Amino acid sequence: MQITVNDELKEVHARTLGAILDELGYGKTRVATALNGFFVPATQRSLKTVDEGAVLEILAPMQGG
């Protein structure tokens, strides 16, 4: 299915947010996620289904000051 990830169209095969993160190479990387504008906590990613055309934002924490 096609979804938008960080403003870029991607083709993914997984159907849950957790599996999509694995498929995209994030694995155990600590990131924040928003699906269709709503924050999804890490504990809910394996349960959250993603539909065709969804918009996913993946944000990595920044360090420094």
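Derivation of every value follows stated rules applied to the coordinates shown; laboratory data play no part. Everything quoted here is computed from the prediction, not taken from an experiment. When we count neighbours, we look across all protein chains shown, and the Cβ atoms used for this are built from the backbone with ideal geometry, even at glycine.
Report the local net charge at Ile20: Lys and Arg +1, Asp and Glu -1, summed over other residues whose C-beta lies under 14 Å from its C-beta.
My count for the surroundings of Ile20 gives -3.
Among 54-62, 11-19, how do they line up from the highest to the lowest mean number of other beta-carbon atoms within 10 Å?
Highest-to-lowest ranking by the protection proxy: 11-19, 54-62.
Give me the distance in nm between label points sitting 7 Å out from Cα along the Cα-to-Cβ direction at Thr43 and Leu24, one decimal.
2.3 nm
Using DSSP to call loops (not H, G, I, E or B), can you name the chymotrypsin sites (Phe, Trp or Tyr not before Pro) in the chain whose Cβ has at most 11 other Cβ atoms within 10 angstrom?
Listed in order of number, the matching sites amount to none.
³J(HN,Hα) across the stretch 4-14 via Karplus (A = 6.51, B = -1.76, C = 1.60, θ = phi - 60°), whole Hz, x for Gly/Pro?
Couplings: 9, 10, 6, 6, 10, 5, 10, 9, 10, 10, 5 Hz.
About its Cα centre, how strong a charge dipole does the chain have in debye, to the nearest 20, once Lys and Arg get +1 and Asp and Glu get -1 at the Cβ?
Once rounded to the nearest 20, the dipole reads 340 debye.
Tell me which trypsin sites (Lys or Arg not before Pro) from the stretch 24-65 have a DSSP coil assignment and no more than 14 other beta carbons within 10 Å of their own.
Lys28, Arg30
Please list log₁₀ I(q)/I(0) at q = 0.19 Å⁻¹ for the chain, using the Debye equation with identical point scatterers on the alpha-carbon positions.
-0.65
Would you compute, from DSSP H runs of 4+ residues alone, the mean residue ellipticity of the chain at 222 nm, taking -39500 (n - 2.57) per run and dividing by the full residue count, rounded to the nearest 500?
Only helices count here, giving -2500 deg cm²/dmol.
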